[in-house]
Structure formats: C-alpha cells, structure tokens
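The values are calculated or read from the model by the stated rules, or taken from the named source; none is laboratory data. Computed from a predicted structure; not experimentally measured. All Cβ positions, even for glycine, are placed from backbone atoms using ideal geometry, and neighbour counts span all protein chains on display. Heavy atoms of the whole protein, side chains included, go into the accessibility calculation; ligands, DNA and RNA do not. Shrake-Rupley method; radii C 1.70, N 1.55, O 1.52, S 1.80 Å.
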Amino acid sequence: MAEFGELLRKKREEKGITQKTLGDAVFVTRQAVSQWENGTRYPDLLTTKKLADYFDCTIDGLLGEDRMSSYADVMQVAEEPSDDKLQLLVYGILLALSLIALSVTASYLYMEYGAMELPFRDTLLIPYCLLKTLSCIFCVIMCRTKNMRPSVIGITVCMMNILCVIEPGVSWKLSKEYFLLFLQFLKPVLAIPTVIFFLRKNITNRIHAVISCLAVIGVNLMELLTAVLTIISVEFTFTEMNRVFSYIYMIILMSLTIWQIDLLTRKRNRAKGGG
C-alpha cells in the first residue's frame with residue numbers, strides 16, 4: 001500500500017483541490033485525508049470506491065501496484081460501524097472475563113499459599129491469566145485504532161490456542177487427567193486452518209477455517225462439561241472454577257472468529273470482483 005498515498009496526493013493536486021475539499025466529497029475529515037496521503041492510515045473499502053468515482057478512475061488504478069485482491073488483507077476486518085462496535089464489545093467482554101480471572105487468581109494464591117513456595121501447576125496461573133489479559137487489551141486497542149486486520153486476528157487466535165497448552169488446572173501426574181492434557185495440546189493443532197486463513201492473503205474458501213473453529217469450540221465444550229460435572233458431583237475447587245472461566249473464554253473467542261471469517265470472506269470476494 002506504499003503507493004496509495006502518493007497517487008492520492010497526485011490526483012488531488014491534478015484536480016486542484018484541497019484536502020478539506022476532498023474530505024468533504026467523501027464525507028471524512030481533512031485529517032483523515034492527510035493520514036491517507038502520509039501512509040499512516042488507509043480508507044475502508046466503501047470510501048475507496050467513493051474516491052475512485054470522484055477521480056473517475058478504477059480502484060486498481062487508485063491503489064497503484066497493489067492489486068485490489070490484496071486490499072481486504074491490509075484493512076481491518078470489521079469496517080461497517082455496526083460490525084466494528086460489535087467486535088469491540090466482544091473483545092471488551094473477553095477483557096472483563098480475563099481481568100476477573102486475574103484478580104481472583106491473585107487473591108486465591110495469596111490466601112492459599114501466602115509466602116510459601118507455589119506448586120509447579122499453580123506457578124502457571126498468574127502468567128497464564130496475565131497473558132490473556134494483555135492479549136485482550138491489545139485487541140481492544142487494535143479495534144479502537146481501526147487496525148484489527150486479518151494478520152492481527154490470525155496471530156491472536158494462534159497465541160490464545162498455544163496458551164491452552166500451559167493452561168493451569170491440568171494435573172501432569174495423574175493418569176486420569178491424561179485425556180484432558182491431550183485435549184490441551186490438540187487445540188492449537190485444530191486451530192491451524194483458521195490461523196492460515198487469516199495469515200494467507202486472498203483465501204476465499206472458508207470451509208476449513210470454520211470447521212477448525214467449530215472443532216476448537218467442541219473441545220472446549222467437552223472440557224467445560226467435564227469441569228462442571230466435577231464441581232457438581234465431586235467438589236468445588238478453585239482449579240475447576242478457573243478451568244470453567246478459561247473454556248468459556250475460548251468458546252466466545254472462537255465464536256467471534258467464525259463471524260470474522262465470514263466478514264473477511266465477503267471482503268475478499270468483493271475485492272476479487274472489483275467491488
């Protein structure tokens with residue numbers, strides 16, 4: 001997208017108009033036009049169409065060497081205001097869940113162990129919850145700055161599923177927990193097609209990515225059921241409760257990802273068709 005700003009400035013100057021005049025024509029501020037020309041921000045797809053119509057050229061011509069087919073992958077996935085707000089709301093909910101888990105975890109460890117040395121399993125609790133919280137804060141910032149691009153989503157999904165490998169609450173010594181441990185390692189493997197979908201440009205076949213998300217959701221539902229049954233039939237423990245929060249978090253995240261897959265697929269199809 002390096003040439004977009006230069007071409008836009010050239011076309012504006014050829015037309016003999018100011019940044020404010022161009023902004024008024026496509027219903028944005030002068031500052032937005034300035035950011036486009038400086039290369040710090042880019043217009044969404046609908047605004048790019050308005051710009052092409054205003055300058056009486058094709059979108060490909062306005063984008064220069066960067067083809068329209070790759071345009072969907074350098075812009076944020078949720079461009080419509082309603083979609084953007086919904087995406088921000090869900091990430092906000094995930095952030096709230098992770099903050100609650102972090103605060104409760106810190107309180108539990110302090111009351112349970114005080115100054116004593118923590119068992120290996122519980123040493124993972126704080127870094128695990130902290131990394132999830134930082135990931136959510138990062139996603140909220142990306143949404144607020146209109147930078148929640150496909151690559152950002154792909155990296156987020158990858159990291160969150162890898163974190164499942166060190167998810168606390170799974171006993172590494174008891175044989176009855178081996179199956180649950182296997183599921184923890186299975187989730188990042190199942191998420192691979194989803195990650196590839198977001199990181200590779202121009203993929204429009206979403207079947208594998210959606211199946212991947214559904215598989216991860218299915219594993220988390222299975223684990224959630226196991227944890228709930230343990231709490232009900234055996235005993236309430238902080239470890240099991242922590243796992244419940246973790247599984248709910250992942251179910252919400254991967255459900256959001258399915259919706260983002262749909263948005264990105266439509267954007268890529270529109271881009272391939274030239275609009």
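Computed values, structure above
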| item | result |
| --- | --- |
| Cα-projected label distance for ILE93 with VAL228, points at 7 Å along beta-carbon direction, nm | 1.6 nm |
| Charge dipole (the chain, unit charges on Cβ, about Cα centre) - positive-most of VAL33, THR194, ILE211 | VAL33 |
| Alpha-carbon Debye profile of the chain, log10 I(q)/I(0) at 0.08, 0.16 Å⁻¹ | -0.43, -1.15 |
| Computed accessible area, CYS158, all protein chains, 1.4 angstrom probe, square angstrom | 50 Å² |
| Rounded to the nearest 10 Å², the accessible area of GLU79 at probe 1.4 Å | 30 Å² |
| Inter-probe distance in nm under a simple model that places probes 7 Å from Cα toward Cβ, at PHE138 and ILE155 | 0.6 nm |
| Reachable lysines, given that their alpha-carbon falls under 21 Å from the alpha-carbon of LYS272 and they are not under 8 places away in the same chain | LYS49, LYS50, LYS201 |
| In nm, spacing of pseudo-spin labels at VAL74 and PHE185 (7 Å Cα→C-beta vector) | 4.2 nm |
| Stokes-Einstein translational diffusion, segment 130-275 - Kirkwood Rh over all Cα pairs, 0.890 mPa s, 25 °C, in µm²/s | 150 µm²/s |
| Distribution of pairwise C-alpha distances over segment 190-231, 5 Å bins, in % | 5, 24, 21, 15, 12, 9, 7, 4, 2, 0 |
| J(HN,Hα) series, segment 128-136, from Karplus relation 6.51 cos²θ - 1.76 cosθ + 1.60, nearest Hz, glycine and proline x | 4, 5, 5, 5, 4, 5, 5, 5, 5 |
| Probe 1.4 Å, all protein chains present, accessible-area order of PHE236, PHE198, PHE245, PHE27, largest first | PHE27, PHE236, PHE245, PHE198 |
| Sequence of THR58, THR48 when ordered by accessible area, the most exposed leading, probe 1.4 angstrom | THR58, THR48 |
